[in-house]
């Protein structure tokens, strides 16, 4: 269920953001069953080339990442949703967006 209001209403957004932004090098996100981002920390938003974390809310990997990465992440996400099985011992890469100042 996509429900940004839930996170905001119960103050979870601010608590999660504060906690995960205070951990050096830690990237955090959560998605709903429609694969839309419902939470992420500012550090990940910056890596995605976004000024604000809220700019990613409601978006999918297809809207934020190169096609090959988005397709691989989608495959994994759907596997977890459909089977309920976790994926262990897998390193996933992401592309760092360089800020150009434009």
Checked the range 18-39 for anything under 12 Å from residue 61 (Cβ atoms) and assigned to a strand (DSSP E or B); matches are 29, 31, 37
Among the residues listed as 71, 56, 30, the single one being out of contact with any strand residue (DSSP E or B) (no Cβ under 9 Å at 6 or more places or on another chain) and modelled with pLDDT of 85 or more: 71
Residue by residue through the range 65-80, note down the ones that are over 15 Å from residue 32 (Cβ atoms) and part of a helix (DSSP H, G or I). 67, 68, 69, 70, 71, 72, 75, 76, 79
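Any idea which of 39, 56, 45, 70 is within 17 Å of residue 91 (Cα to Cα) and buried (at least 16 other Cβ atoms within 10 Å of the Cβ)?
Numbers: 39 fails: within 17 Å of residue 91 (Cα to Cα); 56 fails: within 17 Å of residue 91 (Cα to Cα); 45 fails: within 17 Å of residue 91 (Cα to Cα).
After applying the criteria, what remains is 70.
The values are calculated or read from the model by the stated rules, or taken from the named source; none is laboratory data. The shown structure was predicted, so the numbers you read here are calculated from the model rather than taken from an experiment. Cβ sites come from the backbone with ideal geometry, for glycine too, and all protein chains shown count toward neighbours.
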